[in-house]
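Undergrad: Below you will find the structure I want to go over with you.
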Amino acid sequence: MLPSAGHSPARILTRPRFHAPSGSGADVGGYGDGQDRGVDVLSSRILLRPADVGRSHRFYRDVLGLAVYREFGPPADPGLVFFLGPGLLEVSGHAAGPPGRSMMIWLQVRDVHAEHDRLAAAGARILRPPAAEPWGLTEMWIEDPDGIRIVLVEVPADHPLRRDTRSPSPP
């Protein structure tokens, strides 16, 4: 369940264990015997190498309004790392070529209509205003100065993403 007004914070989901048939000797996806443990991710971030790092810093900090987690590198050409909810976005360095269309950023927001109004007033390039999607989310699309597409998503209160479909834990 996602946190919302009047609800407690979400429970943390853990990776499920999958056991192979008895006698096979395999513990697929489990942690018991060391097989198929998967990557142990301690943190992650999206790395963005823009054409004009200063312009992108201003967009993500001043137009989109992301909070700065840290600044690093030389004072004349610093990199910035921004908070993205529980994730991070690092904007540093310079692109070796034109930005690709395969990378997009997905941001869940509380009120996509209010964000639309705020971003339009701040001069953000709005590709598509908020619209209800067939899958039940309300989405709008904007573009950063390098053409990276950013989708802002609102999850309505009655959407399945707000329901906890797990069975209750035993006491």
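We did not get these values from a lab; they are worked out from the coordinates using the rules stated. Model, not experiment: these values are computed from the prediction. Don't worry about glycine lacking a Cβ; one is built from the backbone with ideal geometry, like all the others, and counts go over all protein chains shown.
Undergrad: What is the antiparallel percent of DSSP beta bridges lying wholly in region 84-151, to the nearest 5?
TA: 75 percent
Undergrad: Going by average Cβ neighbours within 10 Å, how do the peptides 50-61, 108-119, 74-85 rank, with the highest at the top? Intermediate results must be reported in sequence, preceding the final value.
TA: Working: 50-61: 17.6, 108-119: 15.3, 74-85: 13.5.
Top of the packing list down: 50-61, 108-119, 74-85.
Undergrad: For residue 106 and residue 153 in one chain, what is 0.36 nm times their gap in residues minus the Cα-Cα distance, to one decimal in nm?
TA: Values: separation 47, 0.36 × 47 = 16.92 nm, distance 0.73 nm.
Value of the extension gain: 16.2 nm.
Undergrad: Okay, next question. Quick check on region 46-162: take the gyration tensor over C-alpha atoms, sort the square-rooted eigenvalues as a ≥ b ≥ c, and tell me if it's rounded (a/c under 1.5), prolate or oblate. Intermediate values should be presented prior to the final figure.
TA: Values: a/c = 2.01, a/b = 1.83, b/c = 1.10.
Note, shape of region 46-162 comes out prolate.
Undergrad: Also, I was wondering about something else. Quickly work out the residue 58-to-residue 117 label distance, labels modelled 7 Å from Cα along the C-beta direction, and quote it in nm with one decimal.
TA: The answer from the label model is 2.6 nm.
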